[in-house]
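What follows is a set of notes on a single structure, which appears directly below.
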Amino acid sequence: MVKRKMNVEHHDLSSRFSPHEHELFVEGIELYCKMNGGEAVWRDIASHVRTRTPEEVKAHAQYYLMSLQSRNPDVMSMAGTWTPAWSAAENDVFENALANFDEGDADRWHKIAALLPGKSPADVQQWYERLLGDMLEIERGARSPY
């Protein structure tokens, strides 16, 4: 677990995350949602972001989930309906590629798709949004992880 010194200024819960804070938030989701559950994940992500409290991180997750849903209404309607559209091997390649290609990389989805024969950049981005939506739903307690 990466520990960073927090420099938290208390913000209004509705204050926008800077692009850098959002990038760290997404990294935190990718790092900690698989390892932790419940309220501990928000503390760990806040520690990763360094400038936000767990409450602010949790509120941002809810706003981000709504944003994902507004851009792709199928994100949550697909949640929990795990048809094996992606094989375990494809998921392994996908997860490793996420770790290697930064969110800020404009060609991230193209680079990941190039590693997955038969998958387009749109397929890769939609899969990411679906998985992220699932993780956020589980972490906010709206769905069971099983």
E56 vs (1) surrounded by 14 or more Cβ atoms within 10 Å (Cβ to Cβ); (2) charged (D, E, K, R); (3) modelled with pLDDT of 85 or more; (4) not in a helix (DSSP H, G or I): all pass except (4)
Go through (1) surrounded by fewer than 20 Cβ atoms within 10 Å (Cβ to Cβ); (2) at pLDDT below 80 and name the single condition L65 misses.
(1)
Failed item, numbered, when N7 is tested on (1) modelled with pLDDT of 80 or more; (2) more than 12 Å from the chain's Cα centre (by Cα):
(1)
Could you look through region 72-119, keep only residues that are at pLDDT below 80 and surrounded by 18 or more Cβ atoms within 10 Å (Cβ to Cβ), and pick out the one that is farthest from G133 (Cα to Cα)?
W86
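The values are calculated or read from the model by the stated rules, or taken from the named source; none is laboratory data. On a predicted model such as this, the values are computed, not experimentally measured, just so you know. Quick reminder, even Gly has a Cβ in these numbers, built from the backbone with ideal geometry, and neighbours come from all protein chains shown.
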